[in-house]
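Trainee: The structure's right below; bear with me while I get my questions together.
The values are calculated or read from the model by the stated rules, or taken from the named source; none is laboratory data. Keep in mind it's a predicted model, so treat the numbers as computed, not measured. Virtual Cβ from ideal backbone geometry, glycine too; neighbours counted across all protein chains shown. Note: accessible area is taken over every heavy atom of the protein model, side chains too, but ligands, DNA and RNA are not part of it. Shrake-Rupley method; radii C 1.70, N 1.55, O 1.52, S 1.80 Å.
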Amino acid sequence: MGNRNSLLFFILVLMCHGVTLTMGLWRNHDDVETMFLMKNSKSVVKTDAGEMRVLESYGDAKLMERRLHIGFISMEPRSLFVPQYIDSSFIIFLHEGEAKLGFMYRGKLKERTLKMGDVYRIPAGSAFYLVNIGEGQKLHIICSIDPSGAVGAGTFQSFYLGGGANPASVLSGFGTDILEAAFNVSAEEVRKMFTRQHEGPIVNLDQQDTGLWSKFLQLKDEDKLQHLKGMVLDQQEEDFDDEDNDGQEEEKQRVWSWRKLLESVVCDEIKKAWNPNKGMGKKPPHICNLYDRAPDFINSHGWSVAVDGSDYSPLKMSGVGIYHVNLSAGAMMTPHMNPMATEYGIVLRGSGRIQIVFPNGTNAMDAEIKEGDVFFIPRYFPFCQIASKDQPLEFFGFTTSASKNRPQFLVGATSLMRSMMGPELAAAFGVSEETMRHMVDAQHEDVILPYPHHQDHNKEVVEVDTIPKLIRNAMVLGW
C-alpha cells in the first residue's frame, strides 16, 4: 500500500508540474503546430566534397530544460573536413561509411578509425579533423551539438586552423610581421601559405590544389603534430626584453593572448602541470559502438538500446545520452514518458507514426514519420511510436541527460498502471476495482507491443488545426 501511494503521489506531482508548464506554453506560443518540430535547417558548410547541415533547436525555456542542435555531416569519398576546433561539444554517431578521426589529446595527436555504429565525443575547444576513408562510399554522420558554451548567436562557431582564402585560418587575422616572426619565414612564404586554399572547409583530397592535405595525412603521427604546430604560434619561449616600450608591450599582449588560446587547443604538452579535474585519463577514451551492444530490451516485436554515462564515460562530460530503437513492422512502443530528459529522435529507416500528448490529456501531435524526419519530445510528456504495417521503424537519438534513463511506461505488463493497481486507481477513473483490474491485466506484453493496424485499414488520416504537420528533413540526411 505504501509503495502504491508513493507512486500515486509521484504521478500527481508530475501532472501538476506539467499542467502549469503547459498552460504557460499556451500563453507564450501562438503557433502550437511548430512546438515539437525542428524545422530550422540550415547549411553551415557546403562544398563540392561535402556538406554539414544543422537543425537548430528552439523552444520556450519552461519547456526545454536544455537545448541540443542536431547536425548532419555528409562527405564524398576521399574528402577531408579540415583541422579546426569549435566552441561546442559534439557527440558524433557514424551512420554510414568509414572515417578517420584525428584529434588532440593531452598535447598529442591521436587518430581513431570509426566504423558504422561508432559513437565518439569531440569536446569543445579540441582540435580535430575528419577523413572519409571508405572506398567509393559516402560518409554520413549524425551529431548532437551542445550550444551552451557557444560564443555567438548561431548554432556553433568553427575556428579553422588550416585554411586560406576559403576557409580563412584563424591565423589570418594576425599581421604579416607577427606571422613572419611566429613561423620564422619570409612575408612571401606567409602570403602563399594563407592564400592557397580556396576549396572550402571540406576538400577533395584528389584535387591538385589540396595536395597539401593529402601529404599531411600521409605523415606519421609525430610529424602531423609538428605540422599542426606549424599552423599555430610555436614561439612559446619568446620573450620581450623591453617591457617599458608601449608598442612592444602591446605586441607582447597580442601574442600572449593568442598563445593562451592555442595552448589549450594544440600545444597542451607545453604545460607540464596536468589538471585531473578535466576528466582526461592517460589514454584517449575508447570508441563506443552502438551496433555492437546487446539490446536492453528485446522481444518478437522489436528492441531498444540506451547508452548513458555509466556505459560510456565521455557522455558524462557532455551530459548527453544516446538511444537506438527498432520496431518491427506493425509494432508499437507503448505510451511512456521520460522523467529525466528531453529526447531528440532521427528516423534512420522505415516509416511509422508518433503521438505526443499534453499533460492535460489533449493530443499535441499525431503525425506520420519516415526516414530523415527529426522530432523532439519534452521531458515528462507522454508519447508513443508506431511502425507502419508493412515497414519497420528504426530511429536513433540523443537525450539531455547522461544519467541512467528510466522511462516510465504507462501501460503494459510492467507499467505504472499495473504497479498502482488498487482502489485508489479505480476511484480515480470512477470504476469498480474489478473493472480496473480487468483493464490493467488484459495486456500481457510489455514495452513493445503488436499494434492492430487492421482497425484503421480504411480510415483516412484526418488532420485538424491543433495537430502539427511534421517537417520533412530528407534533404538534411541526403540519403
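Trainee: What FRET efficiency do you get for GLU188 and ARG106 if R0 is 41 Å and r is their Cβ-Cβ distance, rounded to the nearest 0.05?
Mentor: 0.70
Trainee: Same structure, new question: Quick check on my link table: of LYS39/LYS389; LYS110/LYS192; LYS110/LYS283, which ones sit more than 18 Å apart, alpha carbon to alpha carbon?
Mentor: Pairs exceeding the cut-off: LYS39/LYS389; LYS110/LYS192.
Trainee: If you don't mind, another one. Normalised by the residues of the range 77-121, what does the relative contact order come to in percent, with Cα pairs under 8 Å and at least six apart?
Mentor: Value for the range 77-121: 41 percent.
Trainee: Would you work out what percent of the accessible area of the range 123-195, with all protein chains in place, is carbon or sulfur (probe 1.4 Å)?
Mentor: On the range 123-195, the fraction of accessible area on carbon and sulfur atoms equals 51 percent.
Trainee: Pop the C-beta distance of ARG293 and VAL431 into the FRET formula with R0 = 30 Å and round what comes out to the nearest 0.05.
Mentor: Between ARG293 and VAL431 the formula returns 0.10.
Trainee: Please find the FRET efficiency linking GLU180 to LYS46, where r is the Cβ-Cβ separation and R0 is fixed at 56 Å, and quote it to the nearest 0.05.
Mentor: The computed FRET efficiency comes out at 0.95.
Trainee: Could I ask something else about it? ALA341's amide H: which non-local residues (gap 5+, or another chain) put their own amide H closer than 5 Å, with H modeled 1.01 Å from N in plane and none for Pro or chain starts?
Mentor: TYR380
Trainee: Classify the range 358-439 as rounded, prolate or oblate, taking a ≥ b ≥ c as the square roots of the eigenvalues of its Cα gyration tensor: rounded when a/c is under 1.5, otherwise prolate if a/b is larger than b/c and oblate if not.
Mentor: Judged from the Cα gyration tensor, the range 358-439 comes out prolate (a/c at least 1.5, a/b above b/c).
Trainee: I would also like to ask the following. For the peptides 74-87, 293-306, what is the packing order when you average, over each peptide's residues, the other Cβ atoms within 10 Å and list the highest mean first?
Mentor: Peptide ranking by packing, descending: 74-87, 293-306.
Trainee: Something else about it: Taking one equal scatterer on every alpha-carbon of the range 106-195, how large is log10 of I(q)/I(0) by Debye at q = 0.12, 0.16, 0.17, 0.22 1/Å?
Mentor: Result of the Debye calculation: -0.59, -0.94, -1.00, -1.19.
Trainee: Sorted by accessible area (1.4 Å probe), largest first, how do THR399, THR414 line up?
Mentor: Result of the area sort, largest leading: THR414, THR399.
Trainee: Considering only protein heavy atoms, what per residue accessible area in square angstrom results for the range 368-409 with a 1.4 angstrom probe?
Mentor: 34 Å²
Trainee: Moving on. State, to one decimal in nm², a quarter of the convex hull surface area for the C-alpha atoms of the range 301-354, i.e. the direction-averaged projected area.
Mentor: 4.5 nm²
Trainee: Given labels modelled 7 Å from the Cα in the Cβ direction, how far is it in nm from LYS39 to ALA413?
Mentor: Modelled inter-label distance: 4.2 nm.
Trainee: If you find the alpha carbon centre of the range 299-321 and of the range 404-443, how far apart are they in angstrom?
Mentor: Taking the Cα centre of the range 404-443 as reference, the centre of the range 299-321 is 28 Å away.
Trainee: Just read off the accessible area of ILE73 with the full protein assembly in place, 1.4 Å probe, to the nearest 10 Å².
Mentor: Rounded to the nearest 10, that gives 10 Å².
Trainee: How much of SER403 can a 1.4 Å solvent probe reach, expressed as accessible area in Å² and rounded to 10?
Mentor: Approximately 60 Å² for this residue.
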